[in-house]
């Protein structure tokens, strides 16, 4: 049987893709507006989407659809329950970002802990050129060695961050689920991690359980010298509470690669933060060339496995 494959947002993946080794028609669109998704999938048996929403209405109107292959790890753009009810399989990508995201985390940690942006500004403003001695002491510098890193989320990426942290000589605390009454071996209560950690790095999916996982209450638990890194999903952190925590110096700094709405066409309070203790990158931690090649290969592997009748990286 010939499969009809539609990639709804091909422009989100800058990598060469091999074509699947089965009889198929391949259609790729750079981007698909939400209102056009159902029409584009009307003939499709296999849909590929990175961030394009696959809603219940789409699932219920696209009767030929058999597989949604998500070109990412997070599947919050797909109505999973609707797929389960209609017998539509869903698969995702796993493990491809276990090097690139941890490296991005440590880029941000080093920049914040060593006050990179403030030092750069001082040099540009002529402070070094006018100094009385060979160096400046304008801004505080802290080593990562000997400090404590709290991990919230301990999948492949969390483990990758842990590997780098231990190489830097850091103590690592792995947070138990928020509100858990039983603490697993090797884990530390959620609130204790927040109160003890010098750095906190988030690596959880966005679900109803994790939405606004970090808010005013959690910032109040953190050290005033703490740094928060979020390379997971924007909605995991209450952004208004973060702005307040940074402006009032409730915490020392934050590095974010994600926002609650992307792209932020209607603005976002974090976009207006112009201070050296906050770093914002445009959801690029995952996107090294090496990682995207791995993602592309795994995407096609997932689809080929499905057509062969095999279960691989299945969410549904």
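Listing for the model above:
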{"item": "Within the range 217-234, tally of residues that are part of a helix (DSSP H, G or I) and modelled with pLDDT of 95 or more", "result": "5"}
{"item": "Test for residue 154: is it assigned to a loop (DSSP other than H, G, I, E, B), in contact with a strand residue (DSSP E or B) (Cβ under 6 Å, 6 or more places away or on another chain) and surrounded by 13 or more Cβ atoms within 10 Å (Cβ to Cβ)", "result": "yes"}
{"item": "Matching residues, the range 50-79, being crowded, with 20+ Cβ neighbours inside 10 Å, within 27 Å of the chain's Cα centre (by Cα) and over 19 Å from residue 260 (Cα atoms)", "result": "58, 59, 67, 68, 69, 70, 71"}
{"item": "Number of the condition not met by residue 104 [criteria: (1) assigned by TED's automatic domain parsing to the domain that holds residue 46; (2) under 19 Å from the mean Cα position of the chain (by Cα); (3) at pLDDT 95 or above]", "result": "(1)"}
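The values are calculated or read from the model by the stated rules, or taken from the named source; none is laboratory data. As the structure is a prediction and not an experimental result, all values here were calculated from the model. As a convention, Cβ positions derive from the backbone with ideal geometry for all residues, glycine included, and neighbour counts pool all protein chains shown.
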